[in-house]
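The values are calculated or read from the model by the stated rules, or taken from the named source; none is laboratory data. These figures come from a predicted structure and were not determined experimentally. For neighbour counting, all protein chains shown are included, and Cβ atoms are generated from backbone atoms with ideal geometry for every residue, glycine included.
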Amino acid sequence: MPEVVDLLPRLGAFARLLHDAGLEAGPRRLTDATRALGLIDLKQHDDFRCALRSVFVSRKEDIPTFEAAFDIFWAPPDPRVTAGMMPGRNRSMPLSPERAKAWANALGLHASQMNRENPSEFPASSSGYSAEELLRHKDFEQMTWAETEQVRRLLEQSPWRMAERRTRRLRPSRSGRIDLRRSARQAIRSSGELMTLFRRKPRVRRRPIVLICDVSGSMERYSRLLMIFAHAIARREDLEAFVFSTRLTRITRLLRQRDLDRALDSVSKGVHDFSGGTRIGDAVGDFNRRWARRVLGHGAVVIIVSDGWDRGDPAHLSAELVHLRRSAHRLIWLNPLLGSEGYEPLTRGMAAALPHCDDFLTAHNVQALDDLGRLLASLDSRKSR
């Protein structure tokens with residue numbers, strides 16, 4: 001099978017890309033993939049895709065990641081693609097910024113440059129990223145409209161992959177506790193002799209995210225980019241999204257539209273108190289009464305985005321956050337003003353909220369949101385105090 005042999009270096013590189021994205025792609029899977037490709041016509045694109053997907057995908061939630069990796073890696077070389085750009089695909093992958101840069105640089109090369117002696121070595125950086133790095137660290141408040149449009153692409157490529165939690169449901173496995181029921185059922189088929197011991201272990205699922213975003217007048221300069229940020233998360237994670245100014249509004253269904261501009265237009269029409277006053281305590285209290293029991297199950301992580309300017313009673317806000325903190329796995333507060341030089345959380349709302357938050361982070365640029373993504377990917381299974 002000379003075609004398969006010639007394909008092995010690129011197949012190995014593709015397995016490394018899947019591994020960096022969080023899929024199981026070890027030597028055993030690579031061997032199975034080689035055998036699978038030997039049974040199909042490599043000229044048939046759909047058969048080629050399905051063969052690799054059947055080998056490397058073992059969970060339903062990994063399908064979007066595999067499809068994105070396949071489209072990016074096996075896309076035909078485009079001479080218009082330069083270093084620092086991913087090929088022209090609209091899907092995103094949960095890669096760290098460093099690995100995303102290395103892969104983008106490698107996949108942006110011409111085909112003749114890809115076939116070098118050691119394809120496992122990829123450059124760590126490129127001069128084509130200087131403008132992008134400046135944009136990552138620029139405050140949202142200082143961005144022009146053109147820069148905002150570039151940030152849309154960066155947020156869609158951000159390394160978002162939520163930490164997983166163990167569920168009570170079990171799945172077959174090669175290790176773990178013995179599955180007596182399945183083992184006994186198999187023994188019945190072999191005249192009562194226990195020939196094989198089957199095992200099982202808990203299933204794992206990603207933690208859901210609950211985003212409660214302030215869209216009052218003081219947050220107006222950040223509202224659009226925060227909605228783009230929420231849309232980017234909703235496309236790849238289990239997200240429940242709410243916005244508030246003087247009242248709380250659920251926008252989860254509005255953000256599920258694939259087209260970003262249409263989703264943002266729906267949000268602007270569906271929320272009637274954009275750029276209004278701020279009553280954080282009333283909004284959190286409304287969430288606790290109407291939505292907490294519906295959306296805070298399965299170890300949800302709650303993210304509140306606000307600058308802390310509040311016209312309500314700080315004691316009321318503190319009491320509602322105590323109630324919310326008891327129901328959430330982790331409570332994170334994002335404040336865009338925290339990235340400003342010399343800022344101190346001295347407002348009444350912020351001072352009342354800080355004692356009840358597990359993390360107090362900034363959200364004033366793309367780099368800060370990437371840091372948040374890395375934090376969420378590293379959450380442990382234990383509930384923080």
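Observations on the model:
- Hey, LEU170 within 13 Å of the chain's Cα centre (by Cα) and either in the same structural domain as ARG290 (by TED's automatic domain parsing) or among the hydrophobic types (A, V, I, L, M, F, W, C) (or both) or not: no
- For the range 239-251, a residue qualifies if it is under 20 Å from LEU317 (Cα atoms) and either under 25 Å from the mean Cα position of the chain (by Cα) or assigned to a strand (DSSP E or B) (or both), and the qualifying residues are ALA241, PHE242, VAL243, PHE244, LEU248, THR249, ARG250.
- Some residue of the range 300-322 being out of contact with any Gly (no Cβ under 9 Å at 6 or more places or on another chain), over 19 Å from ARG250 (Cα atoms) and among the hydrophobic types (A, V, I, L, M, F, W, C): yes
- For the range 46-69, a residue qualifies if it is assigned to a helix (DSSP H, G or I) and either among the polar types (S, T, N, Q) or under 18 Å from THR31 (Cα atoms) (or both), and the qualifying residues are ASP47, PHE48, ARG49, CYS50, ALA51, LEU52, ARG53, SER54, VAL55, PHE56, THR65, PHE66.
- Evaluation of LEU211 against (1) in contact with a helix residue (DSSP H, G or I) (Cβ under 6 Å, 6 or more places away or on another chain); (2) assigned to a helix (DSSP H, G or I); (3) of a type in the set (A, V, I, L, M) (one fails), failing number: (2)
- Exactly one residue out of ARG177, ARG152, ARG182 is under 28 Å from HIS329 (Cα atoms) and at pLDDT 75 or above: that is ARG177.
- Residue that is surrounded by the most Cβ atoms within 10 Å (Cβ to Cβ) [pool: residues in the range 252-281 that are over 19 Å from the mean Cα position of the chain (by Cα), in a helix (DSSP H, G or I) and among the polar types (S, T, N, Q)]: SER266
- Within the range 214-229, the set of residues being outside any helix (DSSP H, G or I) and out of contact with any strand residue (DSSP E or B) (no Cβ under 9 Å at 6 or more places or on another chain) is empty.
- Yes/no for ALA232 being touching a Leu at 6+ places or on another chain (Cβ under 9 Å), part of a helix (DSSP H, G or I) and outside the structural domain of VAL301 (by TED's automatic domain parsing): no
- The requirement of being exposed (fewer than 15 other Cβ atoms within 10 Å of the Cβ), touching a residue at least 12 places away in the same chain (Cβ under 8 Å) and assigned to a loop (DSSP other than H, G, I, E, B) is fulfilled nowhere in the range 345-362; no residue meets it.
- Qualifying residue in the range 252-268 (condition: touching a strand residue (DSSP E or B) at 6+ places or on another chain (Cβ under 6 Å) and closer than 27 Å to LEU379 by Cα): yes
- Selection status of GLU193, assigned to a strand (DSSP E or B) and either at positive phi or in contact with a helix residue (DSSP H, G or I) (Cβ under 7 Å, 6 or more places away or on another chain) (or both): no
- Against the test of being more than 20 Å from LEU346 (Cβ to Cβ) and at pLDDT below 90, the options ARG311, ARG290, ARG325, ARG294 yield a single qualifying residue, ARG294.
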